1. Run down TYR47, TYR24, TYR36 and say which single residue is on the phi < 0 side of the Ramachandran plot, among the aromatic types (Phe, Trp, Tyr) and not in a helix (DSSP H, G or I).
2. State the number of residues belonging to region 38-66 that are farther than 14 Å from LEU90 by Cβ and either among the β-branched types (Val, Ile, Thr) or touching an Asp or Glu at 6+ places or on another chain (Cβ under 6 Å) (or both).
3. The conditions are (1) within 15 Å of THR81 (Cβ to Cβ); (2) surrounded by 20 or more Cβ atoms within 10 Å (Cβ to Cβ); (3) touching a residue at least 24 places away in the same chain (Cβ under 8 Å), and HIS33 fails exactly one of them. Which is it?
4. Residues being in a loop (DSSP other than H, G, I, E, B), surrounded by 16 or more Cβ atoms within 10 Å (Cβ to Cβ) and at pLDDT below 95: count how many of those fall in region 56-87.
5. Within region 9-30, which residues are more than 14 Å from THR81 (Cα to Cα), surrounded by 13 or more Cβ atoms within 10 Å (Cβ to Cβ) and at pLDDT 55 or above?
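The values are calculated or read from the model by the stated rules, or taken from the named source; none is laboratory data. Treat the numbers as computed from the prediction; the structure is a model and nothing was measured. Please note: Cβ atoms are built from the backbone with ideal geometry, for glycine as well, and neighbour counts cover all protein chains shown.
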Amino acid sequence: MIAAASIAAAIALAPTARADEQSYINELEASGHGFYGNTTSFLALGYGVCGLAGNGWTQGELATWVVANSGQGIYYPEAMTIVRAAEIYLC
């Protein structure tokens with residue numbers, strides 16, 4: 001429940017002017033980390049990253065946030081992939 005509230009709060013702060021959701025999902029799928037399935041949750045994490053990055057969070061802090069809020073067994077290397085892809089395609 002806390003993770004959902006945290007993601008919702010971060011999404012509310014996320015900019016969307018230049019979002020390219022399909023390229024973000026394509027990047028995750030091509031990464032070799034096994035990002036397949038529920039794209040909605042990966043998009044929520046990506047937009048959460050954007051909202052927090054806009055508040056000055058570092059990539060390391062963002063990756064730690066992704067690990068803590070994914071609820072999907074995502075570890076730090078996979079989280080960094082989400083952070084980098086979100087910064088490129090969603091933020």
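1. After ruling out the rest, the residue left standing is TYR36.
2. The qualifying residues number 2.
3. If we test HIS33 against (1) within 15 Å of THR81 (Cβ to Cβ); (2) surrounded by 20 or more Cβ atoms within 10 Å (Cβ to Cβ); (3) touching a residue at least 24 places away in the same chain (Cβ under 8 Å), just (2) comes out false.
4. Counting residues in region 56-87 that are in a loop (DSSP other than H, G, I, E, B), surrounded by 16 or more Cβ atoms within 10 Å (Cβ to Cβ) and at pLDDT below 95 gives 1.
5. ALA19, GLU21 - these are the residues of region 9-30 that are more than 14 Å from THR81 (Cα to Cα), surrounded by 13 or more Cβ atoms within 10 Å (Cβ to Cβ) and at pLDDT 55 or above.
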